[in-house]
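Asks: For reference, the structure I am asking about is given below.
The values are calculated or read from the model by the stated rules, or taken from the named source; none is laboratory data. Note that the coordinates shown come from a computational prediction; the quantities given were computed from them, not determined experimentally. Cβ: placed from backbone, ideal geometry, glycine included. Neighbour counts: every protein chain shown.
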Amino acid sequence: MRFFILGIIVTIVVAFVAAIAIAQFGLLPTSAAATPPAFETRIAGNALDASMDRHAPRVNNPLPASDQNLIDGMQVYDMNCAVCHGSLDYKPSLLEHSMYPPPPQIVMEPLDDPEWHLYYAIRTGVRYTGMPAWSKALSEQDMWKVTAFLSRLEKLPPAVQEHWKKVYGTSPEEHHGEEHEQHGAHEHHD
Ligand code: HEC
């Protein structure tokens, strides 16, 4: 029994040292231009969802989903998020294939997560990806406004849709049901 336990410990230590050696000898790739393999996307996506389920407080949006707040949220999105997640004129982001993992194109593929989930992702970011923690850059109010906007992308009130169309030349109405081919972005399933 003693040797058995010793064997397990030695195996763990050897595996740990080997992993560090692999990294130190420069054997791990650093290019962000690659597409993550499907198994990695699946495992990482499940881990992200599970961690958010465990850590994110179930909070409600303290702001009313008024036309003005949603329009403000649209503006916050345009100024801070569109560069990675796609612009409001329905063009994919210039960086769509330039990050590892790639940023989901939220305008073209709206998320169906609840507001507490979106707010947590926005506030705390996603470690080991390009998703920043916006709590360090935006006010609480602006984070809630963009959360409200993103959670209602497909059911915005008429005045907000009109504003969208006026400023960006098109609106969700005109793109309803279109498919956008995502490459390696993690799938949503909750
Ligand atoms: C520099 C690029 C970049 C910017 C700017 C950026 N994001 Fe992200 N975002 C990402 C990436 C990359 C992911 C994918 C993370 C992953 O694969 O898990 C992501 C994921 C997300 C998610 C989904 C998290 C989940 O649970 O799947 C939300 C919501 C989100 N971003 C919202 C925003 C909002 C709102 C802004 C602007 C305030 C923003 N992002 C700005 C790169 C960015």
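Asks: Is it true that Ser171 is over 14 Å from the mean Cα position of the chain (by Cα), crowded, with 17+ Cβ neighbours inside 10 Å and away from the ligand (no atom under 11 Å from the Cβ)?
Replies: yes
Asks: Follow-up question, since we're still on this one. Within region 1-53, how many residues are under 30 Å from His97 (Cβ atoms), surrounded by 10 or more Cβ atoms within 10 Å (Cβ to Cβ) and aromatic (Phe, Trp, Tyr)?
Replies: 0
Asks: Take Phe3 and decide whether it is assigned by TED's automatic domain parsing to the domain that holds Tyr119, part of a helix (DSSP H, G or I) and aromatic (Phe, Trp, Tyr).
Replies: Details: assigned by TED's automatic domain parsing to the domain that holds Tyr119: no; part of a helix (DSSP H, G or I): yes; aromatic (Phe, Trp, Tyr): yes.
In short, no.
Asks: Please determine whether any residue of region 45-61 is at pLDDT 95 or above, closer than 23 Å to Tyr168 by Cβ, in the same structural domain as Lys166 (by TED's automatic domain parsing) and within 8 Å of the ligand (Cβ to nearest atom).
Replies: No, because not a single residue in region 45-61 is at pLDDT 95 or above, closer than 23 Å to Tyr168 by Cβ, in the same structural domain as Lys166 (by TED's automatic domain parsing) and within 8 Å of the ligand (Cβ to nearest atom).
Asks: Which condition does Gly73 not pass, out of (1) small (Gly, Ala, Ser); (2) surrounded by fewer than 17 Cβ atoms within 10 Å (Cβ to Cβ); (3) within 23 Å of Leu153 (Cα to Cα), if it passes all the others?
Replies: Single failed check for Gly73: (2).
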